[in-house]
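Right, one structure below, let's go through it.
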Amino acid sequence: MTSTVDPKSIGQPVKKPRRHQRSATGYLGDIDDKTGKEKWPRGEEEVWKAGLRGIDADVPSISKSIVNHVQTSLARQAYNLDDFGAYQAAAYSVRDNLIINWNETQMNYTRKSPKRAYYLSLEFLMGRALDNAMLNLGLKDQYTASVDKLGFNLEDLIHQERDAGLGNGGLGRLAACYLDSGASQELPLWGYGLRYKYGIFQQLISPEGAQLEAPDPWLEHSNPWELPRVDVVYDVRFYGHAERIEGGKAVWSGGQEVLAIAYDVMVPGYDTKTTNNLRLWESKPKRGFDLNSFNAGDYERAVESSNSAAAITSVLYPNDHTSFGKELRLKQQYFWTAASLQDILRRFKNLEKPITELPDYVAIQLNDTHPTLAIPELMRILIDEEDLSWDKAWQIVTNVFFFTNHTVLPEALEKWPVSLMENLLPRHMQIIYDINLGFLQAVAKKFPHDLDRLARMSLIEEGFPKNVRMANLAVIGSRKVNGVAELHSELVRTTICKDFVEFFGVSKFGNVTNGITPRRWLDQCNPLLSQLITDTLKLPKAAWLKDLTKLQGLLKFVDDTAFQKKWTAVKHSNKERLALYIESTLGYKINTSAMFDVQVKRLHEYKRQTLNILGVIHRYLWLKGLTPAERKKVNPKVVLFAGKAAPGYYVAKLTIRLIVNAARVINADPETKEYLEVLFLPDYSVSLAELLIPASDISQHISTAGTEASGTSNMKFCLNGGLLVGTVDGANIEIAEEVGEENVFFFGHLTPDVEGLRYQHAYSPIPVEQKSPGLANVLNQISAGRFGDGSVYEPLLNTVRQGDYYLITDDFDSYIQALAMVDEAYQNRTEWIKKSINTSARMGKFSSDRCIIDYAQEYWNIEPQKVA
Ligand code: 26W
């Protein structure tokens, strides 16, 4: 039900929305019920039409538009305009273009009523918007010139923008890439998420080298990229009582009601008018003040009620892969799914179709289990509000939802205590029990006398406390389930979903290997390479950016020395760009003729940044043991790390501390400095990734086999001509298949070995000294205080010495060998460049356009809708 913030409207009859249709002139008009023809909705048509205009995209018009925004939107003038003001004015000017395209796109959808898809994600890691919008609109050159004429430099303005950091890592950035591809492929795809007041925390490094977290007040200076929709408001209820009544229905009442308010973020497609929508919800108290408390003089309590509603969307949870059970997080999940479903159903109802046709018009993608409450919520709406029978409702639900799993790590599979759920969402808990009953009966029928199976498949995990297993609910309630790389999808089928495959059949469980948008991850972040590719392929830029397999055309030039030279020059210039950034932020000058070796991603034991830093220390100790003459033959290397650790993840934070302190010692050593430098770049973000990735020669993707579902930065590095050192895991495997195994550096044990090795660690451990003397020496040097007080690192080192769950001792020697092969390959620079060109040229498969087309055709059944 739509409600409105205007208290005057309470109790007023709700007007039925008028039916609209788009006229031949492109404007939205009413249909005259008698003639069936369009009639102008209000006022004088000519006056309206004179005011409605397209936007002129020539340089003088753009300059004019920017100046106009300085004057009016910002109320500022040329004489006191700084870079930030100029950025804002440019942003408003670009936004005008987006709004017009957005309006046309949405009108087109309304007119054609196609089936639509909705991507529900608790995270959208969008990064900056200005550069992306200009490139997608094809207006960057014009804006560069216009801004120049106004006495500013466009690149400086672009850097004024704060990242929209509404995500943790891979899952959130994938959602952002998918929105870009959805719009670029002209698909009717909207995103739904939360408008966190504070995004992912800002990471600071203390003098001791420890991670500190500061809030990210990204909305501090208004955000030009969002449109508040004060008229799109829904009620969301929490707590209260659910009373069952006749016909399987229930009445849920009482408790707390909060408002969800929509903010729209425009998502421009590349080289198309299609501009889709990302709708983010903000929570607000239903009544600004609880007047009863206020009248009774309890001012504090009155304010408290408004505070608690606002708290729901105040901050992004900074955990990835761990920790749930927090009531506020569950509140976020329900708030967001309830508001999104109301919005989706309101739009569907405008079509005036029977509710049973919902799956013909709506597909909803669940990005991991975070939005799984949408399943019982849609059941509740269909049964309690739409009067459908249980079976009809279930039929609809299981045809609307699709579920993507993004990790098989057991500690990352969401579970919520039944007691928490019962209290916060009493009606949903009833529905979950009812789903479970029917489901387990069906399982028992297919597999009689198999109680263990029933216990494993149940939505409820018995124990203290009892938990609801969200992944089981998502699997049961969805039309299809998919993993995010071939190996991962196979692991989903054979481990966490084994029983479900046996029950539903294997065809319900698919794979869509992740992808990345080449617009942001090549054209935008690496303009020099983009230009070189365009010049070389002799194709319009849009041709290869929209069909990335066209990069294969570069293969013809692999042996062309002139082309190799240009390719090398681009890489070098990207290294210089990064070095400049490092010097200006950290005051440290790196050697740009060295090989750049990069590992950037969330800090997690399974991603094994520890393996990397232990390898770096091993290299340092080795260099120290060489004579100066021997050292001269060594390939100079700069090792770069970046990434955030969850604030409560002690071991991951210790890894950061070890990296920072090892770097201090190594970088200060005059004997080795020329050959090895190490840096931890604080506050990793989308924007920092855009600087780092194009500068890398080699990047590390070294997770314990079977733990990294896909990885997506591996694709970004390779697309930009960086080579990959990695384990046989996630999408690394498919990258090697595409670019050729001779072009990647694989090492380490394989997925099937992992279980046995872990068993060995637990029951008959072999001491590190015996397994890898080199590693033992590294650990001892750290303990002995070579990189600062060794006792600080003991808990981290003990994860390796004892238990070694992530198999660092097992993979260390083969890792060092792989790095030696990297060095050897780099010595022959021509061969290296060839590998680099080969790699980039064969990355076509990993465009997120391929993924989104796959989802559109094989999952959602939606079609492109061209805007005329
Ligand atoms: C409840 C805590 C929590 C929060 C986030 C558990 C799990 C998650 C995410 C599902 C973790 C995640 O981001 N997974 C990553 O998803 C990427 C996109 O598919 C993959 O490329 C990464 O391999 C995977 O780790």
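Bear in mind these aren't lab numbers, they're just calculated from the coordinates by the rules spelled out. Not measured: the values here are computed from a predicted model. FYI the Cβ positions are ideal-geometry reconstructions off the backbone, even for glycines, and counts take in every protein chain you see.
Legend: ranking of residues Trp48, Trp832 from fewest to most surrounding C-beta atoms inside 10 Å; resulting order Trp48, Trp832.
Phi-derived couplings, Karplus 6.51 cos²θ - 1.76 cosθ + 1.60 at θ = phi - 60°, listed residue by residue for segment 475-486: 5, 5, x, 10, 5, 9, 10, 9, x, 10, 7, 3 Hz, with x used for Gly and Pro. Taking label positions 7 Å along the Cα-Cβ direction at both Glu490 and Glu794, the computed distance is 4.3 nm, reported to one decimal. Dipole of the chain computed with +1 at Lys/Arg Cβ and -1 at Asp/Glu Cβ about the Cα centre; of Gly477, Pro765, Gly553, farthest Cα towards the positive end is Gly553. Projecting the Cα positions of Ser584, Ala250, Gln865 onto the charge dipole of the chain (unit charges on Cβ atoms of Lys, Arg, Asp and Glu, taken about the Cα centre) puts Gln865 furthest along the positive direction.
What FRET efficiency comes out for the pair Asn861/Glu630, r = Cβ-Cβ distance, R0 = 45 Å, nearest 0.05? Provide the component values of the computation, followed by the final result.
Values: r = 64 Å, r/R0 = 1.42.
FRET efficiency, Asn861 to Glu630: 0.10.
Just to confirm the filter: which GluC sites (Glu not before Pro) across segment 120-219 are DSSP coil and have at most 15 other Cβ within 10 angstrom of their Cβ? For GluC sites (Glu not before Pro) across segment 120-219 that sit outside H, G, I, E and B with at most 15 neighbouring Cβ atoms in 10 Å, the list reads Glu208. For Asp450, neighbours were defined as the other residues whose beta-carbon sits under 10 Å from its Cβ, and their charges (Lys and Arg +1, Asp and Glu -1) total +1. Let's test the formula: R0 of 35 Å, r as the Cβ-Cβ distance of Ser458 and Val303. What FRET efficiency results, to the nearest 0.05? Efficiency, from the Cβ-Cβ distance: 0.20.
Could you compute how fast segment 119-226 diffuses translationally, taking Rh as the Kirkwood radius over C-alpha pairs and applying Stokes-Einstein at 20 °C with viscosity 1.002 mPa s? Give it in µm² per second. Reported coefficient: 135 µm²/s. Look at Thr655, Thr549 and count the other Cβ atoms within 10 Å of each Cβ; fewest to most, that gives Thr549, Thr655.
Over segment 374-442, what portion of Cα pair distances is larger than 16 Å, expressed as a whole percent?
Numbers: 1337 of 2346 pairs.
That fraction is 57 percent.
Karplus-based coupling profile of segment 696-704, in residue order and whole Hz: 8, 8, 9, 10, 10, 9, 10, 4, 4, with θ = phi - 60° in 6.51 cos²θ - 1.76 cosθ + 1.60 and x standing for Gly or Pro. Summary of the geometry: segment 118-186 and segment 810-844, compared by the centres of their Cα atoms, lie 32 Å apart.
Dipole size in debye (nearest 20) for segment 639-776 around its Cα centre, Lys and Arg Cβ +1, Asp and Glu Cβ -1?
Values: 8 positive and 17 negative charges, 143 e Å.
Around 680 debye, computed over segment 639-776.
Ordering Ile200, Val265, Gly240 by Cα displacement along the dipole of segment 199-303 toward the positive end leaves Gly240 in first place; charges were set at the Cβ atoms of Lys, Arg (+1) and Asp, Glu (-1). When the alpha carbon gyration tensor of the chain is reduced to an equivalent ellipsoid, the three semi-axes, largest first, read 45, 36, 26 Å.
Annotation note: trypsin sites (Lys or Arg not before Pro) in segment 603-672 located in DSSP loop regions with a Cβ neighbour count of at most 11 within 10 Å are Lys632, Lys633. State the Cα centre-to-centre distance between segment 482-506 and segment 36-75 in whole Å. Taking the Cα centre of segment 36-75 as reference, the centre of segment 482-506 is 53 Å away. Near Gly510, the amide H atoms lying under 5 Å from its own belong to Val481, Asn482, Gly483; only residues 5 or more places off or on other chains count, and H is placed 1.01 Å from N. Counting neighbouring beta carbons within 10 Å and listing from fewest to most, the residues Leu626, Leu316, Leu437 come out as Leu437, Leu626, Leu316.
Using DSSP to define loop residues, name the chymotrypsin sites (Phe, Trp or Tyr not before Pro) in segment 558-667 whose beta-carbon has at most 15 other beta-carbon atoms within 10 Å. Here the sparse-neighbourhood loop sites are Tyr588.
Net charge within 13 Å of Phe504 by Cβ-Cβ distance, Lys/Arg positive one each and Asp/Glu negative one each, not counting Phe504 itself? Can you show the working numbers first?
On the way: positive: Lys446, Arg479, Lys480, Arg493, Lys498, Lys508; negative: Asp499, Glu502.
Charge balance in the 13 Å sphere: +4.
Rounded to whole numbers, the Karplus 3J(HN,Hα) couplings from phi for segment 584-590 are 6, 9, 10, x, 10, 9, 9 Hz, using 6.51 cos²θ - 1.76 cosθ + 1.60 with θ = phi - 60°, and x at Gly and Pro.
Stretched out straight at 0.36 nm per residue, the stretch from Lys326 to Glu755 would grow longer than its current Cα-Cα span by 151.3 nm. For Thr707, no residue 5 or more places off, or on another chain, has a built amide H under 5 Å of its own.
With charges set only on the Cβ (+1 for Lys and Arg, -1 for Asp and Glu), what does the dipole of the chain come to about its Cα centre, in debye to the nearest 20?
1200
Summing Cβ point charges (Lys, Arg +1; Asp, Glu -1) relative to the Cα centre of segment 731-770 gives a dipole of roughly 320 debye.
Using only helices, what value at 222 nm comes out for the chain when you add -39,500 (n - 2.57) per DSSP H run of length 4 or more and divide by the total residues, to the nearest 500 deg cm²/dmol? Provide the component values of the computation, followed by the final result.
Working: 35 runs with 388 residues, N = 868.
Value at 222 nm, helices only, nearest 500: -13500 deg cm²/dmol.
Full extension of the chain between Asp547 and Tyr588 yields a length gain of 10.8 nm, computed as 0.36 nm times the residue separation minus the alpha carbon distance.
What's the center-to-center distance, using Cα atoms, between segment 408-460 and segment 202-258 in Å? Measuring centre to centre over Cα atoms gives 26 Å.
Any idea what diffusion coefficient segment 745-849 gets from Stokes-Einstein, in µm²/s, Kirkwood Rh on alpha carbon pairs, 37 °C, 0.692 mPa s?
On the way: Rh = 16.6 Å.
For the chosen part, D equals 198 µm²/s.
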